[in-house]
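Values quoted throughout were computed directly from the atomic coordinates according to the rules given, and no laboratory measurement underlies them. Just so it is clear, the structure is predicted and the values come from calculations on it, not from any experiment. So basically every Cβ, Gly included, is an ideal-geometry build from the backbone, and we count neighbours across all protein chains shown.
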Amino acid sequence: MICPATDTIFALSSGRPPAAIAVVRVSGPAAGEALRRLAGRLPEPRRATLVTVREPATGEAIDQALVLWFPGPHSETGEDTAELQVHGGRAVIAGVLKTLAGVPGCRPAEAGEFTKRAFDNGKLDLTRVEGLADLIGADTEAQRRQALRHLRGLLGDRAETWRQRLIEAQALVEAGIDFSDEGDVPAELLGPALASIGGLRGDISAALADGRRGERLRDGLVVAIAGPPNAGKSSLLNRIVRREAAIVSPVPGTTRDVVEVHLDLGGQPVTLLDTAGLRESDDPVEQEGVRRARDRAAAADLVLWVQEAGAQPTDSRPDGLGEGIWTVITKVDLRGDRGGIGTAAGPGGVFETSARTGEGIAGLMAALEAEAVARVGAGEPALVTRVRHRAILEEAVSALDRALAEPEGREEFLAEDLRLAARALGRLVGRVDVEDILDVIFRDFCIGK
Ligand SMILES: Nc1nc2c(ncn2[C@@H]2O[C@H](COP(=O)(O)OP(=O)(O)OP(=O)(O)O)[C@@H](O)[C@H]2O)c(=O)[nH]1
Ligand SMILES: [Mg+2]
C-alpha cells in the first residue's frame, strides 16, 4: 500500500550501478530541505547547477553533482522535486541515499510511487500512466512509438472528448426531463441528443474494430514453430535467432518444454516459440511436451508448420493449430538434386529452407516481418492497447446501445444509460472507481519511477 503524500520520497531513478552517472530523485514537501542539506543551498528553479554534495553532519564532500530544483506544482509529480545527477559509483549513491534517509520526513520510494503521485496530482491520467509503463518496457521501435503516443494522451484525450460529448447529450436529455411534466421529452432536445449518441457509439466501435493491433504490438506477434518430431524445428529457430537457443539432436522427441525467444524484426516485436514434435508417445514427459506444443500453437497468431523435405505428406497437420498457418519445408540441402531454389516463398506460401546452409531463411524472416507489419503496425495508431481499455470501451458501447434502444417515454432510463457510459469513460482515464486497479498498474513500475 502506498502511504499518503505527506512523506517525501527518494530513490535512485537511473539503472544499476556502477555507471557514469546516477540520477537520484526526491519528491515531496521536504525535497527543498533535502536539497539544501546536500547542496548547501537551493539552486535556481529548473536550472542545472554544479554543486558539491556534502554529508551535512560532518561537512565531508560526497561528490560533485549537477542538481535540479523543480518547485511544485510545475514538476513531474506536481510536488516539490529535486534531482541530483551524481557520479554513478555504488559508494557515492549509498552516501547520497543515506543522507536523504536522515532528512526528517524523507523515506525511500516504493515501486511506481513517483508516477502514482503524478497521477494523484492530475499530471497524468491513467492511460498516460500505462503509456509511460509501456515506454519503459518497449523493446522495439514500433512498441516505443505506440507507447509514446499513449503517454502523450492519444487515448486519454480521445476518451475525454467522448466523455464531454456524452455529458452534453446527457444534459439535453435531462433538460428535457425537467421541462416536461408528463415525462415526454420535447423532440428538439431528444433528436440532437440521440444523433450525438449514435455518432459517439460509431466512433467508439470504430476504435474497437482494430484487429487488436494495439494489444498485439504490446505483446509481440506470437509465432509458433510446430510439426512432427525431428523435422528441424529447433534448428530453424536457432538459425533465425543466430544462436543455440534450443537443443538440437538427431533423436526424435528432443524438445519438450516450449522455448521462447523475442525478436525485433524491423522494429516489430515477434515472439518465436519452438515446440515439441507432435506425435503419440508413451513417455509422460513427452506427452506433456506435446500437450504444451498443441496449446501454444493453438493460441499463436501464426504457426510455422515444419516438414522435412521429402517427408510424406501424411505427416498432415492436426486441426486447431491457430489463426494462420504457413508451411515451412526444412533440410532442403539434403535433396541435392534441387540446387538453386529461390529464397522466397514457393507456391501456396510454402517456404523452402535449410538450417544448415541458411537457404530460404532470409525470405522467411522477411515474410514474417511483413506479416507483423500487416497485422500490428499498419494503419492508424491503435487507441486500444490493453484488455482494460477494450473491456471498458465495450461496456460504454453496450450502455450506448441500450440508450439508443430505449423506447419513447423512458428518457430517465436513457439518461441513466448515458451516465453509465460516461462513468465507464471516466474509469478509463482514472477519474472514478479506480482504487482496485491502481495497485495493479503501478506495481509494473520500477522503484524510482
Ligand atoms: N542436413 C540438414 N539437417 C538438419 C537441418 N535441420 C535440422 N537438421 C538435423 O535434423 C535433426 C533434428 O533437428 P532438430 O532441429 O532437433 O529437429 P526438431 O524438429 O526440433 O526435433 P524434435 O525437437 O525432436 O521434435 C538434427 O540432427 C539436425 O542436425 C537442415 O537444414 N539440414
Ligand atoms: Mg526440437
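Side notes on the structure shown:
- Segment 146-167 residues near the modelled ASP203 label - backbone nitrogen below 20 Å, point 7 Å along Cα→Cβ: 149-167
- For segment 406-412, backbone phi angles converted through the Karplus equation (6.51, -1.76, 1.60; θ = phi - 60°) give residue-by-residue couplings of 5, x, 3, x, 10, 5, 5 Hz, Gly and Pro being listed as x.
- Estimated inter-spin distance, ASN121 and THR52, nm [label 7 Å along Cα→Cβ]: 3.2
- Taking amide H as placed 1.01 Å from N in the peptide plane, the amide H of ASP80 sits under 5 Å from that of GLY28, GLY72, each at least 5 places away or on another chain.
- Straight-distance candidates among the aspartates and glutamates for linking to LYS331, with alpha-carbon spacing under 16 Å and chain neighbours fewer than 8 residues away dropped: GLU308, ASP315, GLU352, GLU359.
- Those GluC sites (Glu not before Pro) in segment 149-236 that DSSP places in a loop and that have at most 16 other beta carbons within 10 Å: GLU182
- Phi to ³J(HN,Hα) by Karplus 6.51 cos²θ - 1.76 cosθ + 1.60 over segment 203-220, Hz, x for Gly, Pro: 5, 5, 4, 4, 5, 6, 8, 10, x, 6, 4, x, 5, 4, 5, 5, 7, x
- For segment 8-124, the equivalent ellipsoid built from the Cα gyration tensor has semi-axes of 21, 15, 13 Å, listed from largest to smallest.
- Listed residue (LEU383, PRO29, LEU42) projecting farthest to the positive dipole end of the chain, Cβ model: LEU42
- The residues PHE351, PHE70, PHE413, when put in order of fewest to most other Cβ atoms within 10 Å, stand as PHE413, PHE70, PHE351.
- Cut-off 16 Å, label 7 Å out along Cα→Cβ of VAL285, residues of segment 245-263 by amide N: 247-259
- Cα→Cβ-extended label distance, 7 Å offset, between ASP257 and ALA299, nm: 1.6
- In sequence order, segment 160-168 has phi-based couplings of 5, 5, 4, 5, 4, 4, 5, 5, 5 Hz under the Karplus curve 6.51 cos²θ - 1.76 cosθ + 1.60, θ = phi - 60°, and Gly or Pro positions carry x.
- Stokes-Einstein diffusion for segment 217-377, with the hydrodynamic radius set to the Kirkwood value over Cα pairs and evaluated at 25 °C in a medium of 0.890 mPa s, equals 157 µm²/s.
- Rounded to 5, percent antiparallel among DSSP beta bridges of the chain: 60
- Packing-based exposure ordering (other Cβ within 10 Å, fewest first) of TRP69, TRP162: TRP162, TRP69
- Sparsely packed GluC sites (Glu not before Pro) within segment 355-411, loop by DSSP, other Cβ within 10 Å at most 14: GLU408
- The slack between ALA245 and HIS74, meaning 0.36 nm per residue of separation minus the straight C-alpha distance, is 56.7 nm.
- Proximity of backbone amide H atoms, modeled 1.01 Å from N, is registered between GLY227 and LEU278, VAL306 at under 5 Å, excluding neighbours fewer than 5 places apart on the same chain.
- Contact order normalised by residue count of the chain, Cα under 8 Å, 6+ apart, percent: 16
- Lysines with Cα under 19 Å of LYS449, excluding same-chain neighbours fewer than 8 positions away: LYS116, LYS123
- The alpha-carbon atoms of the chain, seen along their principal axes, cover 81, 79, 41 angstrom, with the largest extent given first.
- Here the residues SER281, SER249, SER354, SER27, ranked from fewest to most Cβ neighbours within 10 Å of their Cβ, fall in the order SER249, SER281, SER354, SER27.
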